Amino acid sequence: MSLPFDIDIALQSDTWSNHEAVIYKSVSAILEVLESPRLGELSIALSDDAQIRCLNREYRGKDKPTNVLSFPVPPPAPLLGDIVLAYETVESEAKEKNISFDNHLSHLIIHGFLHLQGYDHINEEDASIMEALEIQALTLLNIDNPYLY
């Protein structure tokens, strides 16, 4: 699958299997939805709860694991930023919602990518915009609306 930029996938935990195809399809889908996305190299770290808990504590002041963290790099850098995903949290959330791991992973990659594009969900209006974009991209991947679960 060809994208207009490189994706550097860093395997930081042995719990991850090969998810490269899911990553590329997810990024491709959100690029198709966005009108004029900022392009640049993307780094995705496939990590675990222990590492993401440390990052969450250091950068957000929350001493607990989370599913995904995004670290945007401001323009004009050639790097968009980093997306870090925690395997155990992604897995437990997928089981809790009774959806496939890969479908939940796609949602979180799209969500993280939108943060790198400057979107957020701090207030209700911004959250609605971000969720609508996520749903559009997931629909392209034949994945149901995750906000119905």
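The values are calculated or read from the model by the stated rules, or taken from the named source; none is laboratory data. These numbers come from a predicted model, not from an experiment. Neighbour counts are summed over all protein chains in view; Cβ atoms, including those assigned to glycine, are modelled from backbone coordinates with ideal geometry.
For the stretch 1-18, a residue qualifies if it is touching a strand residue (DSSP E or B) at 6+ places or on another chain (Cβ under 8 Å) and closer than 16 Å to GLU32 by Cα, and exactly one does: PHE5.
Output the residue which, of all residues in the stretch 133-149 that are of a type outside the set (A, V, I, L, M, F, W, C) and not in a helix (DSSP H, G or I), is nearest to ASP120 (Cα to Cα). Residue satisfying both the conditions and the ranking: ASN145. Applying the criterion of being in contact with a Pro (Cβ under 7 Å, 6 or more places away or on another chain) and either β-branched (Val, Ile, Thr) or in a helix (DSSP H, G or I) (or both) to the residues of the stretch 109-132, the residue that is surrounded by the fewest Cβ atoms within 10 Å (Cβ to Cβ) is HIS115. Can you spot a residue in the stretch 65-79 that is touching a Gly at 6+ places or on another chain (Cβ under 7 Å), under 21 Å from GLN136 (Cα atoms) and not acidic (Asp, Glu)? Taking every residue of the stretch 65-79 in turn, at least one turns out to be touching a Gly at 6+ places or on another chain (Cβ under 7 Å), under 21 Å from GLN136 (Cα atoms) and not acidic (Asp, Glu).
Scanning the stretch 80-97 turns up no residue that is at pLDDT 95 or above, small (Gly, Ala, Ser), closer than 17 Å to VAL22 by Cα and exposed (fewer than 15 other Cβ atoms within 10 Å of the Cβ).
Of the residues making up the stretch 17-36, just one is crowded, with 18+ Cβ neighbours inside 10 Å and part of a loop (DSSP other than H, G, I, E, B), namely HIS19. Of all the criteria given as (1) among the polar types (S, T, N, Q); (2) within 15 Å of the chain's Cα centre (by Cα); (3) at pLDDT below 95, the one not satisfied by ASN123 is (2). Residues in the stretch 30-45 that are among the hydrophobic types (A, V, I, L, M, F, W, C) and over 12 Å from the mean Cα position of the chain (by Cα): LEU31, VAL33, LEU34, LEU39.
Taken together, ASP8, ASP82, ASP102 contain a single residue that is over 24 Å from MET130 (Cβ atoms) and among the charged types (D, E, K, R), which is ASP8.
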